[in-house]
Amino acid sequence: MLYNEVMIRYGELSTKGKNKKAFINRLAQNVKAALHDFEEIKVHADRDRMHLILNGADSDVVMERLTFIFGIQNFSPVMRLERDMEIVKKTAVEMVREQYSEGKTFKISTRRADHDFELDTNEMNQLLGGEVLKNIEGIKVQVKKPDINLRVEVRLNGIFLSCQTVQGAGGLPVGTSGKGMLMLSGGIDSPVAGYLAMKRGVEVEAVHFHSPPYTSPRALQKAKDLTAKIAAFSGTIQFIEVPFTEIQEEIKKSVPEGYLMTVTRRMMMRLTDKIREQRKGLAIFNGESLGQVASQTMHSMIAINDVTTTPVLRPVISMDKNEIIEIAKTIDTFELSIQPFEDCCTIFAPPSPKTKPDLDKAREYESRLDIEGLIERAMANLSVSKINVGQTLEEQQKEIYSDLL
């Protein structure tokens, strides 16, 4: 059945007091962004619920998109009908039949906002319940904990029927906790870190370091495809491509092998912090998990964090690889992440990087570089693109634009 409305119920937003309106407005923006290709849909965000008027849009596709949006506790597809009881009876039977299988029970639950309607709640329950029993063979009534609960709301502007409740993603609407820069590689961990940050209301912008010709166009596209996957949770994400070839070549020439990774990460952190400052972000997020690789020891983190006073948040810091993989599979990034395209972190990776780099030595080796000039040239050539949920490669390419603000 193609429904004509969807009713959304809020999750944690119910506890936000005076800030509730701002949270609801942000959720409405995110819903509109997630449904960017459905211009016909009208979104009405009320204090207790949000209503989507579909105007002919495919309700199945719309509901699939809604399951990923943070801030939604659950939602129900709804049929809004004229106050014609013959139409209401026929539709009620169709909706229950769609959910019915052998052995299932049902009940009718009516609420009246219009108390002048010709039938009261008990009369509506009996009328529609009798119609279902008459037309669906084998179905039985169960008042307590039925398998199918057909909800009926009688309002001045129509009669509304729903009998499905679909669980949402929970969490907070993306953007209600501020903006952060996500250091997005092509691996398994960083998309998961972005997802977890977004679940707590953070608007993430993906920062990806690209080093052609050492990294291929396919590696860059892989990072954009991963961004499109996690954009499902907010509707859209800004993707910031950072040219990193010159910096990596200079590091390779000037820095001892054991400190290549440390100095490379320090330069990445510097650039990410510059981008954060330029784009008014509050924090940096990455996919580091303690002890997973040589650059993710506490000694390495101290040496890398030395270049910034900005909070560097690591949502997967305490997770082992299997836990991270499970989340990656759930959010559908795993298969993309394991595609064998080299990224900046692997192309010049030394065979034996320092696991306990000395901070003073890292600073000394880094001082051999023209840090300010390298950073300035990279910042002057950033490429920013807006990536929407479900966006194809062709559509992504159309969105690419230079952004020096």
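The values are calculated or read from the model by the stated rules, or taken from the named source; none is laboratory data. Remember, predicted model here, so these are calculated numbers, not experimental data. Backbone-built Cβ (ideal geometry, glycine too); neighbour counts: all protein chains shown. For the accessible areas, the whole protein counts, side chains as well, though only heavy atoms, and no ligand, DNA or RNA atoms are used. Shrake-Rupley method; radii C 1.70, N 1.55, O 1.52, S 1.80 Å.
Among the residues examined, THR264 does not qualify as assigned by the TED database to the domain that holds GLY186, open to solvent by less than 10 Å² (accessible area, probe 1.4 Å) and either in a helix (DSSP H, G or I) or touching a residue at least 12 places away in the same chain (Cβ under 8 Å) (or both). Looking across the range 206-235 at every residue that is in a helix (DSSP H, G or I) and of a type in the set (Gly, Ala, Ser), the one that is nearest to ARG65 (Cα to Cα) is identified as ALA232. For the range 200-249, residues that are open to solvent by less than 30 Å² (accessible area, probe 1.4 Å) and in contact with a Pro (Cβ under 7 Å, 6 or more places away or on another chain) total 5. Any residue in the range 32-49 that is at pLDDT below 95, in contact with a Ser or Thr (Cβ under 6 Å, 6 or more places away or on another chain), more than 18 Å from VAL166 (Cα to Cα) and surrounded by 22 or more Cβ atoms within 10 Å (Cβ to Cβ)? No: zero hits. Looking at the range 27-117, the strands (runs of 3 or more DSSP E) lying wholly inside it that each contain 2 or more residues that are more than 27 Å from GLN238 (Cα to Cα) sit at 49-53, 72-81, 105-112.
Just one of (1) within 18 Å of ALA362 (Cβ to Cβ); (2) modelled with pLDDT of 95 or more fails for PRO315. It is (1). SER318 meets the conditions (1) surrounded by 15 or more Cβ atoms within 10 Å (Cβ to Cβ); (2) of a type in the set (S, T, N, Q); (3) over 24 Å from TYR214 (Cα atoms) in every case but one. The failed one is (1).
Can you tell me which residues in the range 126-153 are in a helix (DSSP H, G or I) and in contact (Cβ under 8 Å) with a residue 24 or more places away in the chain? Once the filter is applied, which keeps residues that are in a helix (DSSP H, G or I) and in contact (Cβ under 8 Å) with a residue 24 or more places away in the chain, the range 126-153 yields LEU127, LEU128, GLU131, VAL132, ASN135. Only a single criterion out of (1) touching a Leu at 6+ places or on another chain (Cβ under 6 Å); (2) open to solvent by 30 Å² or more (accessible area, probe 1.4 Å) is not satisfied by VAL166, namely (1).
Right, LYS280: part of a loop (DSSP other than H, G, I, E, B), touching a His at 6+ places or on another chain (Cβ under 7 Å) and in contact (Cβ under 8 Å) with a residue 40 or more places away in the chain or not? Against the criterion (part of a loop (DSSP other than H, G, I, E, B), touching a His at 6+ places or on another chain (Cβ under 7 Å) and in contact (Cβ under 8 Å) with a residue 40 or more places away in the chain), LYS280 does not qualify. Pairing each residue of the range 229-240 that is over 14 Å from GLY201 (Cβ atoms) and modelled with pLDDT of 95 or more with any residue that is open to solvent by 10 Å² or more (accessible area, probe 1.4 Å) and of a type in the set (S, T, N, Q), provided the two are 6+ apart or on different chains, yields C-beta distances under 8 Å for ILE240/SER383.
Just one residue in the set ILE240, ILE247, ILE251 is in contact with a His (Cβ under 9 Å, 6 or more places away or on another chain), of a type outside the set (Lys, Arg) and either over 19 Å from SER300 (Cβ atoms) or in a helix (DSSP H, G or I) (or both); that residue is ILE240. Among residues of the range 170-182 being open to solvent by less than 30 Å² (accessible area, probe 1.4 Å) and assigned to a strand (DSSP E or B), the one that is nearest to LEU2 (Cα to Cα) is GLY170.
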